[in-house]
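Heads up, the thing below is written out as structure tokens.
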Amino acid sequence: MRVLFSKTAAKNYHRLPLYLQKAITSRLEKLAADPQTRTIDVKPVRGGFENSFRLRVGPVRVVYFLTEESIKVYLIGFRGDVYK
């Protein structure tokens, strides 16, 4: 399964410290290998679109949309900024 980033998500990803970038990459690789895994902190986004989820990586939230072929990451940011 492929992982695709929106323009905004890619920009925010590169602004994060390197240790958070590595942690996000690791979790997204696990998620791509098995999208139904429960070993990482994933929850559905309330009030969002169907098949929208959030991945928690320390203080950072990765909001993504799950399709049959890919994982589309459309928002990456710190907890206080993502939910505004």
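The values are calculated or read from the model by the stated rules, or taken from the named source; none is laboratory data. Computed from a prediction, not measured in an experiment: that's the story for all the values here. Cβ atoms come from the backbone with ideal geometry, glycine included; neighbour counts cover every protein chain shown.
Below is a table of values for the structure above.
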| read-out | value |
| --- | --- |
| Restricting the stretch 6-44 to residues that are under 16 Å from Leu66 (Cβ atoms), free of Cβ contacts under 8 Å to residues at least 40 places away in the same chain and hydrophobic (A, V, I, L, M, F, W, C), the residue that is surrounded by the fewest Cβ atoms within 10 Å (Cβ to Cβ) | Ala33 |
| Top-ranked residue of the stretch 64-84 - restricted to ones that are among the β-branched types (Val, Ile, Thr) and touching a residue at least 40 places away in the same chain (Cβ under 8 Å), ranked as surrounded by the most Cβ atoms within 10 Å (Cβ to Cβ) | Ile76 |
| Residues of the stretch 57-84 that turn out to be at pLDDT below 90 and on the phi > 0 side of the Ramachandran plot, as a count | 0 |
| Residues of the stretch 30-80 that turn out to be within 9 Å of the chain's Cα centre (by Cα), closer than 21 Å to Leu18 by Cβ and of a type in the set (D, E, K, R), as a count | 2 |
| Count of residues meeting criterion [surrounded by fewer than 16 Cβ atoms within 10 Å (Cβ to Cβ) and modelled with pLDDT of 90 or more] in the stretch 45-56 | 1 |
